[in-house]
Amino acid sequence: MVNRNDRFGPCQRRMENVPSTKLKPIGCVYDAANSTTVPTGLPDTVRISGQSALMADAAKASLHRAEAPELGFVASPSVVRRIANSARSRLPDAVFLRLWRRKYIGRFPKLLRPTTFNEKIQQRSLRPAPRFAELTDKLAVRKYVEDKIGKHHLIPLITAPEAFTREVFDALPCSFVTKANHGSSFVEVVGNKAETSFEKLQQLAQQWLSLDFHSIARKRHYQEIKPRIFFETLLLQGGKIPADYKLLCFDGHPGRPIIYILVISDR
């Protein structure tokens, strides 16, 4: 079982503190029911630049100014949230990722000379290769998969309309999956079309399309993706959504790549 409140998942937490050069080939499956303790010590070699520290202090100060108990004013949670979001949006990508990982991992990442799997992912977020946008776009990557291993490995695509209209909704089958191509977690499973409505899905689609995933996750290659809504066939196994397998590959060697497998079930 996967805890949906776990932002990174057990597999990523496990590998965060394992230098990729020391990982061994493994044939195991990680269960989200198991947990590990992440060291919280801050390495002496990790420092935030003076500019980064000043911007972090400015963000904290803006939150303090949101409340003035001596004047009888205490900011509502929505006001504080807006101020916090505004402060975060002004942080440079590298500073944002450092502070974000410190909060959720327990230490600042080494972005200039990454050694762990997680740190290498963060570095790639800041320095994406040109092909990353195509591989990340959930629609564009279909052509890549088809060219590499064949169309039969793709989930059948129902439609990818330029605009989601009532005519598109009416033409959808009784069950399907609604997705957006430009971010993570943009998924809505519709097991029975009669239990939803065009208005509900349209509102959800508009919410997804309004989001800039680069500003959320600071992964720069997302800036090059044009947001689209699309619909795929709902795949079921025994009447249930099948398990999701995520293969994390790195430090590969000819004929014997190193792969960690994460299995997510009961979604």
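A few remarks follow.
- Look at His182, His152 and count the other Cβ atoms within 10 Å of each Cβ; fewest to most, that gives His152, His182.
- Derived scalar couplings ³J(HN,Hα) [segment 205-218; Karplus, 6.51 cos²θ - 1.76 cosθ + 1.60; whole Hz; x for Gly, Pro]: 4, 5, 5, 4, 5, 7, 8, 9, 5, 4, 5, 7, 9, 6
- The 3J(HN,Hα) values that the Karplus relation (6.51, -1.76, 1.60; θ = phi - 60°) gives for segment 153-161 are, in residue order, 8, 8, 5, x, 8, 7, 6, 9, x Hz. Gly and Pro appear as x.
- Convex hull (Cα only) mean projected area of segment 163-214, reported in nm² to one decimal: 3.5 nm²
All of the numbers you see were taken from the coordinates with simple rules; none came from a lab. This is a predicted model, so every value here is computed, not measured. Ideal geometry is used to build each Cβ from the backbone, glycine not excepted, and the neighbour counts take in all protein chains shown.
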